[in-house]
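The values are calculated or read from the model by the stated rules, or taken from the named source; none is laboratory data. For clarity, every value in this text was computed on a predicted model and none was experimentally measured. Backbone-built Cβ (ideal geometry, glycine too); neighbour counts: all protein chains shown. Protein only, heavy atoms only, side chains kept; ligands, DNA and RNA dropped before computing areas. Shrake-Rupley method; radii C 1.70, N 1.55, O 1.52, S 1.80 Å.
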Amino acid sequence: MTELDDVKWNFAHHAASSFDRTDAANASPLYAWLARCASLDKEILQLVLHATTKSMRPHMLFAAVQYLLLSGVQDELVEFYPNFTIRPRPHGEAYPYFRAFCLKYAEEICRLVSTYGVQTNNVGRCAILLPAFALVAQHGGYRPLAMLELGPSAGLNMLWDRYGYDYGAAGYVGVHTSPVQIHCEVRGERVPALPKKIPKICWRMGIDLHPLDVHEEEAVRWLRALIWPEHRDRAQLLESALIIARQHPRPMVVGDMVDRLPEVLKQVPVEAILCLYHSYVLYQIPEPIRARILAQIAEFAKTRELFRVSFESAREMGQAALELFWYRGGSEEQRLRLAEGESTGRWMKLSVQ
């Protein structure tokens, strides 16, 4: 298979399984159609040959186009985007306009997809992570948490303790006055064990190769561009999270996780409960590197107890598995599959243990 064949497969696969989902609230009819058409268009596929995140090339192309539209580029293409117009034109008519736009701005699109990555900060995922963090606090005797996020991008999910969470009939927890109010549907008969209050955090840090600065206009525009046109609720959640992020620092170490993780782990306060976490990050990392990262965590666990919360892509597109790993004595003492959840945090369903 050639590189171009791989790109073609990316677009066809995402058209069928990512953008065109049975869960209408998390689908993108516009992107599904554009991806389907682009999968047969060699000229358009070549624009993302050198994208930084190869497995997510369709997302990169669509984000680059939205980035340009958000920057003020005037084009008829905006008439097909629900986030730009109240009554968008039928998506089935969009491709000729999309194609013309991409070819007209080909140089800028190539620059964007080779500069940025798929660095979404889906703040809604914090609603999935919170029950796991509460369980970590419980196992650790309710001592303060030391939170280390792998691949935090702009670090919006690092501030999860400053948000409010509405789980419907399962209850509410968090900050009622926060501009970020996250709604998560609990499916199934079981409900998550929500804490009475948010666990206390005494230390937080993130490690990212290319973190995004919420004070830089271009970086924020890229975050906005990564949100699919139909997802107005996610766009609003992002804006609310940016308000908080601009008020509260999110300490980050810039660099490759493999290189920086050992030194960062040594900085964690000894009296705190150490909790590493990651969401939709490790699955994008090549397996040999991912194995090295996990080996480093296990090696450090020889010196102290730690927990790892994972919310990573599952076999079924659009869903992820929430898992808790408990390390003691250098080994994975316990692994719990806690729940399944929609990729952006719209719903969760607890697993049967």
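V186 fails exactly one of the following numbered conditions: (1) at pLDDT below 95; (2) open to solvent by 10 Å² or more (accessible area, probe 1.4 Å). What is the number of that condition?
Here V186 clears every test but (1).
Just checking, does segment 219-227 include any residue being exposed (fewer than 12 other Cβ atoms within 10 Å of the Cβ) and over 15 Å from the mean Cα position of the chain (by Cα)?
Scanning segment 219-227 turns up no residue that is exposed (fewer than 12 other Cβ atoms within 10 Å of the Cβ) and over 15 Å from the mean Cα position of the chain (by Cα).
Answer with yes or no whether V268 is within 21 Å of the chain's Cα centre (by Cα) and either surrounded by 18 or more Cβ atoms within 10 Å (Cβ to Cβ) or within 29 Å of A64 (Cα to Cα) (or both).
Considered against the rule, which asks whether it is within 21 Å of the chain's Cα centre (by Cα) and either surrounded by 18 or more Cβ atoms within 10 Å (Cβ to Cβ) or within 29 Å of A64 (Cα to Cα) (or both), V268 comes out as no.
Looking at D41, is it at pLDDT below 95 and either crowded, with 23+ Cβ neighbours inside 10 Å or not hydrophobic (A, V, I, L, M, F, W, C) (or both)?
no
Go through (1) free of Cβ contacts under 8 Å to residues at least 12 places away in the same chain; (2) assigned to a helix (DSSP H, G or I); (3) of a type in the set (D, E, K, R) one by one and return the number of the condition R89 breaks.
Evaluating R89 over (1) free of Cβ contacts under 8 Å to residues at least 12 places away in the same chain; (2) assigned to a helix (DSSP H, G or I); (3) of a type in the set (D, E, K, R) leaves (2) as the failure.
Looking only at segment 137-162, which residues are open to solvent by less than 50 Å² (accessible area, probe 1.4 Å), more than 16 Å from V309 (Cβ to Cβ) and assigned to a loop (DSSP other than H, G, I, E, B)?
Correct list: P144, S153, A154, G155.
If we scan segment 314-323, do we find a residue that is at pLDDT 95 or above and open to solvent by 10 Å² or more (accessible area, probe 1.4 Å)?
Within segment 314-323, one or more residues are at pLDDT 95 or above and open to solvent by 10 Å² or more (accessible area, probe 1.4 Å).
For segment 182-206, what are the residues that are out of contact with any Leu (no Cβ under 6 Å at 6 or more places or on another chain) and among the hydrophobic types (A, V, I, L, M, F, W, C)?
Passing the criteria: I182, C184, V186, V191, A193, L194, I198, C202, W203.
In segment 236-258, what count of residues is obtained for those that are under 25 Å from V175 (Cα atoms), out of contact with any Gly (no Cβ under 8 Å at 6 or more places or on another chain), modelled with pLDDT of 95 or more and not polar (S, T, N, Q)?
Adding up the residues that qualify gives 8.
Could you check how many residues of segment 189-210 are within 29 Å of Y31 (Cβ to Cβ) and surrounded by fewer than 20 Cβ atoms within 10 Å (Cβ to Cβ)?
Residues flagged as within 29 Å of Y31 (Cβ to Cβ) and surrounded by fewer than 20 Cβ atoms within 10 Å (Cβ to Cβ) within segment 189-210 amount to 2.
Does T2 qualify as being more than 17 Å from R224 (Cα to Cα), open to solvent by 30 Å² or more (accessible area, probe 1.4 Å) and within 21 Å of the chain's Cα centre (by Cα)?
no
Return the only residue of R337, R308 being of a type in the set (K, R), without any contact (Cβ under 8 Å) to a residue 60 or more places away in the chain, in a strand (DSSP E or B) and touching a Ser or Thr at 6+ places or on another chain (Cβ under 8 Å).
Only one candidate passes the filter, namely R337.
Could you run through segment 66-79 and say how many residues are in contact with a Phe, Trp or Tyr (Cβ under 7 Å, 6 or more places away or on another chain) and farther than 16 Å from I109 by Cα?
2
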